[in-house]
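J.: My structure is below; once you've seen it, I'll send some questions.
The values are calculated or read from the model by the stated rules, or taken from the named source; none is laboratory data. What you are looking at is a predicted structure, and each value in this text was computed from that prediction instead of being measured. Cβ coordinates were reconstructed from backbone atoms using ideal geometry, including for glycine residues, and neighbour counts include every protein chain displayed. Just the protein is used for accessible areas: all its heavy atoms, side chains included, with ligands, DNA and RNA removed. Shrake-Rupley method; radii C 1.70, N 1.55, O 1.52, S 1.80 Å.
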Amino acid sequence: MTETDHIPAETETSQSPPFDSTAELLTRITAQLGSQLSRVRLNGTPAPMPSTGRPALVAVAHGSRDAGALRTVTALLDRVRELRPGLDVRLGHIEIDRPLLTDTLATLRGEAVVVPLLLSRGHHVKHDIPRALATAGSHLRTWTAPPLGPHPLLVEALYGRLMEAGWHLDARTLRGAGVVLAAAGSRDPDSAADTRRTARLLSERLGGIPVLPAYASAASPSVPEALHALAARGRNRIAIASHFTAPGRFAAQSAAKAPWLAAAPLGAHPAMARLVLHRYEQALTRAASPAGGGLAPVAVEGLAVEALAAEGRRAA
């Protein structure tokens with residue numbers, strides 16, 4: 001199974017350049033606060049973004065009772081806006097958090113590209129998102145991008161989070177190292193196939209270290225089962241890589257089982273922001289070339305499902 005996008009893995013760093021003075025720090029904070037406030041009206045509703053003449057980007061998050069999830073997704077979209085000034089970037093949730101996707105779509109007119117902040121195919125991508133789009137009405141023409149994974153940029157974010165967590169091994173300790181790629185889990189076999197593909201790509205990025213996919217629910221192996229399998233192979237330094245966009249119950253439960261170190265959710269890693277924009281551009285490119293397998297405007301659920309299925313076949 002090969003990734004069709006062929007986006008070269010690029011070195012990322014999450015470190016900001018050092019500040020020269022307290023005044024510079026305050027200036028940056030003020031500028032960021034002003035940017036945030038400029039997107040909100042006095043009554044608290046989102047203000048219209050300056051138009052770039054391009055379709056809006058609607059990022060779709062799952063939603064979580066963990067307050068850190070919304071903060072994390074908001075930070076990711078702020079980074080996306082920094083990379084593409086003037087692009088109208090909106091957020092909608094499948095459940096729990098507000099705004100819901102249906103509410104976000106109701107505020108838009110014209111055209112929009114929906115980018116799932118989900119890391120594999122599954123029920124939410126194939127059914128929940130298309131169902132929400134089918135209710136959008138004639139005021140909005142939409143296209144749906146594939147989920148964020150599998151993709152080399154996703155692997156760069158996973159790798160970066162492992163490095164931040166302390167994955168710094170010499171040749172001797174590498175021989176006993178292993179990684180469990182902890183994901184939420186799904187009954188959809190395409191979801192497991194995507195996660196396995198990401199695990200293989202991460203193993204390659206780590207120089208051949210074994211990476212086993214594992215799941216917090218609905219699929220097997222579980223995280224403890226994957227840990228046991230690696231230990232049975234003589235791997236005694238095992239890290240948990242977080243195959244989650246944002247914090248939540250499953251991410252926390254998986255990290256708590258780490259026998260050595262656990263990486264943070266991917267969040268606003270620079271590679272994630274670039275990947276969101278890549279999926280946005282990819283959807284527009286395919287929409288402009290229907291004869292080349294492009295995505296048709298989503299009017300009913302079946303169209304979106306077929307578009308995503310085609311993406312999955314190309315990644316297989």
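J.: Given a 1.4 angstrom probe, what's the average accessible area per residue across region 110-196, in square angstrom?
T.: So region 110-196 comes to 34 Å² accessible per residue, rounded to a whole number.
J.: Ok, one more. Share of region 80-151's accessible area from carbon and sulfur, percent, 1.4 Å?
T.: 51
J.: Let me ask another. Based on alpha-carbon positions alone, could you give the equivalent ellipsoid semi-axes of region 53-142 from the gyration tensor, as √(5λ), descending, whole Å?
T.: 19, 18, 11
J.: If packing is taken as the average number of other Cβ atoms within 10 Å across a peptide's residues, how do 75-86, 192-203 rank, most packed first?
T.: Ranked from most to least packed, the peptides come out as 192-203, 75-86.
J.: Let me ask another. For region 163-294, what is the largest minus smallest coordinate of the Cα atoms on each principal axis, given in angstrom and ordered from greatest to least?
T.: Principal extents (Cα only, largest first): 51, 33, 25 Å.
J.: Highest mean first, what order results for 162-174, 111-123 on Cβ atoms within 10 Å?
T.: In descending order of packing, they fall as 111-123, 162-174.
J.: Let me ask something additional. Taking R0 as 30 Å, what's the FRET efficiency between Leu100 and Arg249 from their Cβ-Cβ distance, rounded to 0.05?
T.: Approximately 0.90, to the nearest 0.05.
J.: Something else: Using label points projected 7 Å from each Cα along Cα→Cβ, tell me how many nm separate Thr74 and Ser138, to one decimal.
T.: With each label placed 7 Å out from Cα toward Cβ, I get 3.8 nm.
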